[in-house]
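Below: one structure, written as structure tokens.
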Ligand code: NAD
């Protein structure tokens, strides 16, 4: 049975305690046993990153480019194999899994280029004879804590900019998806990066907490649930560490009377159900104006009924399994909550037979925008249908949650599309496109309770991974 370990100071290091990684499409299949870190392993990783910092933070842009470009090239060359691993570990269908791996490769390539573009400004001084320039420096030792739903793309979009800016890294991936992170660590260890500049610590929340609270960690970039994000924020604020949080969503897709109906249905199905609804940008609320409501609902249900749920590696599968039993039970419990508060289950919402955690995509009708089913993140293939009178009410309902990650509208009206883009309280707005599915080279993030701190990805990622220094020269 493959045994996978931490990567600390360039060496694979094992723990006595391990965790089994199970294929959610087939729970008889064990992918591997993975070491589980405690505070002592975390400390070793932080010491290694601290020792590597002086060398890596002074590396040239060319060295950084070469390392990141190497990593990106190998990921892209192996996207089929790594995509298969991802599909087995997380349950994303193979085509989506390969797409995620390719995204990770392109992210490294993008930040290889960004390493060459780190610069500052020359600003005219108000004083005669003085020159003012700004430069960007590495923040230091950074902790990267990632969730299970994008097991290679999220580690990539944190690791690549962190290294591009000269920081040293400790990555703590989700305990549910350590295999992709371990494969990434292997590639990074062959890239020419000095030992200790990148470290991988496997394990659960205990390891994540020890990492966040380690006094030599200068900054924390976190993606995951709001509860964990808040606990990280509290610690970092108290200890004056830089931090960045990407958290949950309750993303709305608004469908107006004038929408292109087949397009709107595709946007709804893709946004709500693809990747088994396990995307922070998934559309978990579908808000539809009354004149098109009956026709749209009938078309949505017909399309949902055609979706094939099954093994992520089966080429005919469109919706893979839920990641684990806990998430499956959460999905089922939200169906019960939805029904108990007066919602109508129009389709799906059942556990399906098989050796995996299969769950049929669900549509629940509940027009009360304040119902729990319309307010709380489920993180599964469940969308609620909410009927509204007109655009104004749709916008008001769309904004009526604490979250603000992504928001979409299907309309042929330029006026409403423009007003929606301006007034939707979200970090990302989509017109005639699903709420999920974004480019790899542009800023990503939310507003309100969905995110905190500078944006990730694209050129803006450098804001978090650098500090600005202002130089005065007389
Ligand atoms: P989670 O918060 O349970 O875990 C995320 C990571 O934090 C894991 O690595 C976990 O081991 C670690 N962790 C747990 N407790 C910790 C602690 N006390 N201190 C430090 N680290 C700790 O989240 P999850 O279930 O893995 O992921 C699902 C969530 O992630 C959803 O809410 C989803 O919306 C969110 N998500 C957000 C984005 C985004 O960019 N906004 C992207 C993907 C997922």
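The values are calculated or read from the model by the stated rules, or taken from the named source; none is laboratory data. What you see is a predicted model, and the numbers here were worked out from it, not measured in a lab. Because the Cβ atoms are built from the backbone with ideal geometry, glycine has one as well, and the counts that use them run over all protein chains shown.
Some observations on this one:
- Taking segment 1-113 as the region of interest, none of the strands (runs of 3 or more DSSP E) fully inside it holds 3 or more residues being modelled with pLDDT under 95 and closer than 30 Å to residue 381 by Cβ.
Per-residue answers, yes or no, for (1) in a loop (DSSP other than H, G, I, E, B); (2) crowded, with 24+ Cβ neighbours inside 10 Å:
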| site | (1), (2) |
| --- | --- |
| 252 | no, yes |
| 262 | no, no |
| 270 | no, no |
| 281 | yes, yes |
| 286 | no, yes |
| 297 | no, no |
| 303 | no, no |
| 315 | yes, no |
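- Of the numbered criteria (1) within 14 Å of the ligand (Cβ to nearest atom); (2) in a loop (DSSP other than H, G, I, E, B); (3) over 23 Å from residue 44 (Cα atoms), the one residue 244 fails is (2).
- Residue 149 being at pLDDT 95 or above, within 15 Å of the ligand (Cβ to nearest atom) and farther than 17 Å from residue 13 by Cα: yes
- Any hit, segment 270-289, residues being without any contact (Cβ under 8 Å) to a residue 24 or more places away in the chain and under 22 Å from residue 93 (Cβ atoms): no
- Summed over segment 180-228, residues that are under 28 Å from residue 446 (Cα atoms), assigned to a helix (DSSP H, G or I) and either in contact (Cβ under 8 Å) with a residue 40 or more places away in the chain or under 18 Å from the mean Cα position of the chain (by Cα) (or both) total 13.
- Taking segment 162-178 as the range and being within 14 Å of the ligand (Cβ to nearest atom) and either touching a residue at least 60 places away in the same chain (Cβ under 8 Å) or touching a strand residue (DSSP E or B) at 6+ places or on another chain (Cβ under 7 Å) (or both) as the test, the residues that pass are 170, 171, 172, 175, 176, 177, 178.
- Residue match in segment 433-449 (condition: touching a strand residue (DSSP E or B) at 6+ places or on another chain (Cβ under 6 Å) and farther than 23 Å from residue 251 by Cα): no
- Residues of segment 229-241 satisfying the condition of being in a helix (DSSP H, G or I), more than 13 Å from the ligand (Cβ to nearest atom) and closer than 18 Å to residue 464 by Cα: 237
- Of the numbered criteria (1) crowded, with 18+ Cβ neighbours inside 10 Å; (2) closer than 26 Å to residue 362 by Cα; (3) in contact with a strand residue (DSSP E or B) (Cβ under 7 Å, 6 or more places away or on another chain), the one residue 220 fails is (2).
- Among the residues of segment 439-457, those that are under 23 Å from residue 108 (Cβ atoms) and either surrounded by fewer than 18 Cβ atoms within 10 Å (Cβ to Cβ) or free of Cβ contacts under 8 Å to residues at least 60 places away in the same chain (or both) comprise 439, 441, 442, 443, 454, 455.
- Out of 15, 25, 40, 73, sole residue that is surrounded by 19 or more Cβ atoms within 10 Å (Cβ to Cβ), on the phi < 0 side of the Ramachandran plot and out of contact with any strand residue (DSSP E or B) (no Cβ under 8 Å at 6 or more places or on another chain): 25
- If the condition is being in a loop (DSSP other than H, G, I, E, B) and within 16 Å of the ligand (Cβ to nearest atom), then segment 124-146 contributes only 146.
- Here residue 226 meets the list (1) away from the ligand (no atom under 16 Å from the Cβ); (2) over 30 Å from residue 54 (Cβ atoms); (3) touching a helix residue (DSSP H, G or I) at 6+ places or on another chain (Cβ under 7 Å) almost entirely, failing just condition (1).
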